[in-house]
Amino acid sequence: MQRKPRAGGQRNRARVLEVALRLFVERGPDVPFTEIAKEAGVGVGTVYRHFPAREALIEGAYRSELDAVCAAAGELLEEMPPGDAVRAWMDRFVDYMATKIGLTEANRAVVAAGGNPFAQSRERLDGVIGELLSAAVAAGVTRPEVDADDVLVSLSGIAMVAGAIEEREQVGRVLDLLYQGLLTRP
């Protein structure tokens, strides 16, 4: 029987992933483990214990961000009305995509080593968008015929261009246009 990880070990792993994600986006995939460990406040042995290979750390960092954007949907639905949760999640998704784009070089290293950091990403994101849309449909806010994958493709396109847009206000306006297209007609 496998034992459950200690709370301290889980916190250390989460901190390593948070720091690694930021450093990989800022500086690329070759950030030394010693720098990641120092900034995370752990020993380098802790980094290697959780992630014995650089590719495992890169993939773990990407997946932690995917987990966070997926978890945000449920959190937003608990905090606000469904329609507001859909719109707020759109902003969170653009932030996730900016991180994903920032990890392009790092993720290439994972793929070159035979990994697939994107396995099940689209399915998970479609499921999360479907959950948000279902809640909004039940509340009478969005149209029931809207397909979750169509929303994902639209958001992805906006996010890809958003990397080139320096004004966050414009991104917000474009997301508002997409959101308006989801709403029920009076």
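Each of P81, Q10, A136 was scored by the projection of its Cα onto the charge dipole of region 1-148, and the greatest displacement toward the positive side belongs to Q10; charges sit on the C-beta of Lys, Arg, Asp and Glu. Each of Y48, V161, V151 was scored by the projection of its Cα onto the charge dipole of the chain, and the greatest displacement toward the positive side belongs to Y48; charges sit on the C-beta of Lys, Arg, Asp and Glu.
Here E131, E167, E65 are placed in order of increasing Cβ neighbour count within 10 Å, fewest first, which gives E167, E131, E65.
Computed from label points 7 Å out along Cα-Cβ, the spacing between E39 and D150 is 4.1 nm. Proximity of backbone amide H atoms, modeled 1.01 Å from N, is registered between T142 and V137, T184 at under 5 Å, excluding neighbours fewer than 5 places apart on the same chain.
As a proxy for reagent exposure, I129, I101 were ordered by neighbouring Cβ count within 10 angstrom, fewest first; the result is I101, I129.
Applying a length cut-off of 24 Å (Cα extent along the axis) and a mean Kyte-Doolittle floor of 0.0 to the DSSP H helices of the chain leaves 54-79, 121-138.
Using 0.36 nm per residue and subtracting the Cα-Cα separation, the extra length available between R11 and N116 on full extension is 35.3 nm. Model label points for R143 and M80, set 7 angstrom from Cα along the Cα-to-Cβ axis, are 2.3 nm apart.
Over the residues of the chain, the helix contribution to mean residue ellipticity at 222 nm works out to -25000 deg cm²/dmol, using -39500 (n - 2.57) for each DSSP H run of at least 4. Over region 32-186, Cα pairs under 8 Å with separation of 6+ residues give a relative contact order of 25 percent.
Residue exposure proxy: K100, K38, ordered by other Cβ atoms within 10 angstrom of their Cβ from fewest to most, comes out as K38, K100.
Every read-out reported here was derived from the displayed coordinates using simple, explicitly stated rules and does not represent laboratory data. Everything numeric in this text was worked out from a predicted model, so none of it was measured. For neighbour counting, all protein chains shown are included, and Cβ atoms are generated from backbone atoms with ideal geometry for every residue, glycine included.
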